[in-house]
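Single-structure report; data block below.
The values are calculated or read from the model by the stated rules, or taken from the named source; none is laboratory data. It should be emphasised that the depicted structure is a prediction, and the values quoted were computed from it without experimental measurement. Cβ: placed from backbone, ideal geometry, glycine included. Neighbour counts: every protein chain shown. Just the protein is used for accessible areas: all its heavy atoms, side chains included, with ligands, DNA and RNA removed. Shrake-Rupley method; radii C 1.70, N 1.55, O 1.52, S 1.80 Å.
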Amino acid sequence: MEVRHQVRVGKAQVDELGHLNHSYAVQVLEYARDEWYAAAGLWQGRRWSGDENLQTIVLNINVNYRQECFLDEPLTVVITPLDGGTKSFRLAQQVLKQDGSVAIDALVTSIVMRMDTHQTIEIPRAIRPLLPPRQA
């Protein structure tokens with residue numbers, strides 16, 4: 001299930017060079033992942049559907065900055081599930097400029113954790129069908 005999240009580069013997100021700061025770019029990717037979680041039925045706002053003690057945790061994020069993004073520039077973040085194992089899953093993300101070119105791409109590996117016990121759990125049933133199996 002692919003999800004598209006629209007964003008516009010704000011004044012607080014640009015650095016002294018006038019382009020999207022790398023730390024804000026990671027934040028943009030995070031907000032877009034929340035949209036994917038909501039579309040998958042995991043989030044209701046910032047609350048986990050069905051169990052308030054669960055949370056997704058990023059284990060690894062690899063980000064490639066390919067083009068500059070400037071103040072007031074509209075961008076589209078595309079989130080695509082890449083694969084899932086027993087306890088971790090990976091989402092691919094691309095930040096697209098208006099012409100469709102890739103400004104940023106990222107690969108994010110996450111788990112789901114019970115926050116009351118800090119224990120990793122198996123990928124919830126709600127999203128297992130959305131994740132292609134991990135290839136060995």
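What number of residues within the range 95-109 are within 15 Å of the chain's Cα centre (by Cα) and either open to solvent by 30 Å² or more (accessible area, probe 1.4 Å) or free of Cβ contacts under 8 Å to residues at least 60 places away in the same chain (or both)?
4
Considering 126, 92, which residue is assigned to a loop (DSSP other than H, G, I, E, B), open to solvent by 20 Å² or more (accessible area, probe 1.4 Å) and among the aliphatic types (A, V, I, L, M)?
Sole residue among the options that is assigned to a loop (DSSP other than H, G, I, E, B), open to solvent by 20 Å² or more (accessible area, probe 1.4 Å) and among the aliphatic types (A, V, I, L, M): 126.
Output the residue which, of all residues in the range 110-119 that are touching a residue at least 40 places away in the same chain (Cβ under 8 Å) and in a strand (DSSP E or B), is farthest from residue 40 (Cα to Cα).
Per the stated criteria, the residue is 114.
Could you pull out the residue among 25, 40 that is open to solvent by less than 80 Å² (accessible area, probe 1.4 Å) and either at pLDDT 95 or above or touching a Cys at 6+ places or on another chain (Cβ under 9 Å) (or both)?
25
What number of residues within the range 9-22 are loosely packed, with under 11 Cβ neighbours inside 10 Å and either charged (D, E, K, R) or on the phi < 0 side of the Ramachandran plot (or both)?
4
From (1) at pLDDT below 95; (2) under 21 Å from residue 7 (Cβ atoms), pick out the condition that doesn't hold for residue 86.
It fails just one condition, (2).
Kindly list, by first and then second residue, each pair from a residue in the range 122-135 that is at pLDDT below 80 to a residue that is surrounded by 13 or more Cβ atoms within 10 Å (Cβ to Cβ) and not β-branched (Val, Ile, Thr), limited to pairs with Cβ atoms under 8 Å and residues at least 6 apart or on different chains.
Short answer, once both residue conditions are applied: 126/40; 126/41; 126/42; 126/49; 135/83.
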